[in-house]
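The values are calculated or read from the model by the stated rules, or taken from the named source; none is laboratory data. Computed from a predicted model, the values in this text were never measured in an experiment. Glycine also receives a Cβ, built like all others from the backbone with ideal geometry; neighbour counts cover every protein chain displayed.
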Amino acid sequence: MKATETKLKGCFIIEPQIFEDERGYFFECFNHKEFCEVIRQEINFVQDNQSFSKKGVLRGLHYQKGEHAQAKLVSVLEGRIQDVVVDLRKDSPTFGEHLSIELSSGNKKQLFVPRGFAHGFLTLSEFANVFYKCDNYYHKNAEGGIRFDDQKLKLAWQLNTSDLILIEKDIKLPFWDNMDT
């Protein structure tokens, strides 16, 4: 397993070692001991989530507040997504900055998102099956979010706004200046 820290401190791109032969391929998706060693911290995942989305679906930008904040390890089982995270940690030198990365079943990369980040993704392929581990349980009352098209964030989504599929809840999320962290 190879871990590369991104420009956002504590946020890592994880690349597994893949073993390929005439039968196909094999790789270890997650190894707790090795994972904690490469990100240089102890993480205990307690909840696994999976979502299936068709092309153009944008989910996010979401986060959990306070004691219910969640770190996530995001991967794509089928398809291709643009994964986006925004640093919400007020004491961070990269507060307000974002990272955009393509995750796919083809590249098999994972993104480790530490607590204190908003997260969202856009489905780029005809469909995507996204799987992510969380280190804290979901709490409805701790939900937070930021509008996907907030001008302060200057996010460059890979599809035209007119092609995006959003739910009402995400359209009504507050802009950066009005978010509740």
ILE43 over 20 Å from HIS139 (Cα atoms) and not small (Gly, Ala, Ser): no
Any chance GLU22 is exposed (fewer than 10 other Cβ atoms within 10 Å of the Cβ) and not hydrophobic (A, V, I, L, M, F, W, C): yes
Matching entry among GLU28, GLU97 (being under 19 Å from THR6 (Cβ atoms) and of a type outside the set (A, V, I, L, M)): GLU97
Selection count, the stretch 1-12, where residues are closer than 13 Å to PRO114 by Cβ and either free of Cβ contacts under 8 Å to residues at least 12 places away in the same chain or of a type outside the set (Lys, Arg) (or both): 7
Which listed residue, of LYS2, LYS7, is on the phi < 0 side of the Ramachandran plot, surrounded by fewer than 16 Cβ atoms within 10 Å (Cβ to Cβ) and touching a Ser or Thr at 6+ places or on another chain (Cβ under 8 Å): LYS7
Options ALA118, ALA142, ALA156; residue that is more than 22 Å from ILE43 (Cα to Cα), out of contact with any Pro (no Cβ under 9 Å at 6 or more places or on another chain) and in contact (Cβ under 8 Å) with a residue 24 or more places away in the chain: ALA156
Subset of the stretch 16-74 that is among the aromatic types (Phe, Trp, Tyr) and in contact with a Lys or Arg (Cβ under 8 Å, 6 or more places away or on another chain) - its residue that is modelled with the lowest pLDDT: PHE27
Test result for ILE101, touching a strand residue (DSSP E or B) at 6+ places or on another chain (Cβ under 8 Å) and closer than 13 Å to CYS11 by Cβ: yes
Residues within the stretch 126-148 that are in a loop (DSSP other than H, G, I, E, B), of a type outside the set (Val, Ile, Thr) and crowded, with 16+ Cβ neighbours inside 10 Å, tallied: 4
Flag for THR161 being at pLDDT below 95 and surrounded by 11 or more Cβ atoms within 10 Å (Cβ to Cβ): no
Residue within the stretch 99-106 that is within 20 Å of VAL38 (Cα to Cα), under 17 Å from the mean Cα position of the chain (by Cα), surrounded by fewer than 16 Cβ atoms within 10 Å (Cβ to Cβ) and not β-branched (Val, Ile, Thr) present: no
